[in-house]
């Protein structure tokens with residue numbers, strides 16, 4: 001079987017170089033890294049827009065086992081798992097429970113998202129937001145996962161000032177039975193979160209976040225920042241109280257932010273790790289060894305892939321991640337909950353194929369070519 005396919009622009013041959021780091025190595029220790037994991041839809045389920053999500057539970061958990069095998073913790077129920085874009089809260093709650101049970105049994109790292117997405121779309125009062133957050137916090141804590149307090153579309157719509165954010169988050173932190181991770185998700189990932197923390201001015205919003213953390217430092221283990229702004233992240237990182245970790249969620253600049261400088265570094269909680277886990281683990285082991293040249297060399301080809309995957313409109317990056325997991329053989333189909341497989345154009349996904357091969361994340365050239373031909377036929381590009 002030939003590994004050559006015909007893409008827009010001409011023939012393309014897969015190299016199948018993704019096997020270099022396929023075998024898990026020793027755990028990495030100098031950085032804590034969580035991979036935000038996607039879900040696998042039931043291909044025979046009614047996963048159409050607006051319908052409750054139907055998952056293939058075994059395939060979904062298999063993706064998590066793969067991430068754990070490479071040394072990553074799993075970030076469950078985050079936006080990579082389609083929170084707010086097809087994955088409803090009842091399904092999210094069950095997902096967290098199932099993943100937490102496996103993590104607990106095997107001793108794997110797990111954090112899980114706490115949000116307000118069980119509320120119906122539309123306006124909600126601050127009391128409703130508090131109650132929704134509290135319900136999900138209870139669910140995550142009961143499951144045994146470390147909570148990640150995600151941004152809330154409902155809070156963004158209801159809050160009238162930074163004080164409203166401080167009050168809601170302050171009350172929530174007082175209910176936490178362990179230190180939590182805050183999450184600042186930028187509007188490129190979700191336009192409904194524009195002006196989060198009470199201001200469209202990033203400097204003013206950062207001041208609010210720092211004030212919240214300083215007032216509750218014993219209950220905040222860290223903060224994940226997903227603004228795709230490396231300068232802003234470094235600035236906030238340098239203002240964090242001792243013991244509070246920065247977790248980069250910047251899928252554009254992660255190598256430099258994780259590597260850090262003489263004044264500190266970021267840990268990681270990234271969606272892109274769901275497709276570059278073997279390479280990322282190898283890079284982090286090189287960092288443990290102080291081999292910065294190897295660290296840079298391993299991560300370098302993954303950055304163009306990540307930047308294309310997370311290109312605007314960024315919130316559809318989930319489509320690319322699922323597509324690549326299918327092409328790489330990590331799942332058996334390209335169906336997504338909510339019908340989100342239509343979230344990226346054929347031309348965008350075709351370029352992903354080139355970049356994924358260059359990044360070494362496709363271990364089987366023949367399988368990648370076979371599945372790519374099948375997909376190209378469905379979008380009218382088959383030959």
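Every number here is computed from the coordinates shown, using simple stated rules; none is lab data. None of these values were measured; they are calculated from a predicted model. Cβ: placed from backbone, ideal geometry, glycine included. Neighbour counts: every protein chain shown.
For the listed peptides 125-133, 262-270, a ranking on the average number of other beta carbons within 10 Å per residue, highest first, reads 262-270, 125-133. At what distance in angstrom do the alpha carbon centres of the range 1-34 and the range 235-254 lie from each other? Using only Cα atoms to place each centre, the spacing works out to 28 Å. Taking the DSSP beta bridges in the range 30-314 as the whole, what percent of them are antiparallel, to the nearest 5? Roughly 5 percent of the beta bridges in the range 30-314 run antiparallel, per DSSP.
Under the criterion of Cα pairs below 8 Å and six or more residues apart, the relative contact order for the range 30-314 equals 17 percent. When peptides 31-42, 113-124 are sorted by average Cβ neighbour count within 10 Å, with the highest value leading, the order is 31-42, 113-124.
Tell me which label goes with the value of Cα Rg over 2.2 N^0.38 Å computed from the coordinates here: [x] 1.02; [y] 1.14; [z] 0.96. Computing Cα Rg over 2.2 N^0.38 Å and matching it to [x] 1.02; [y] 1.14; [z] 0.96 gives [z].
How high is the FRET efficiency between residue 370 and residue 192 when r is their beta carbon distance and R₀ equals 56 Å, given to the nearest 0.05? It comes to 0.90.
Take 221-229, 340-348, 364-372 and order them by the average number of nearby Cβ atoms within 10 Å per residue, most first; the result is 221-229, 364-372, 340-348.
To the nearest ten degrees, helix 365-378 and the longest principal axis of the Cα atoms of the chain are 80 degrees apart. Size of the range 1-151: Rg and Dmax of its alpha carbons, in Å, are 18.6, 61.
Using 0.36 nm per residue and subtracting the Cα-Cα separation, the extra length available between residue 199 and residue 348 on full extension is 50.3 nm. In the chain, the longest principal axis of the Cα atoms and the axis of helix 89-106 are about 80 degrees apart. The helix-based estimate of mean residue ellipticity at 222 nm for the chain, built from -39,500 (n - 2.57) per DSSP H run of four or more residues and divided by its residue count, is -13500 deg cm²/dmol to the nearest 500.
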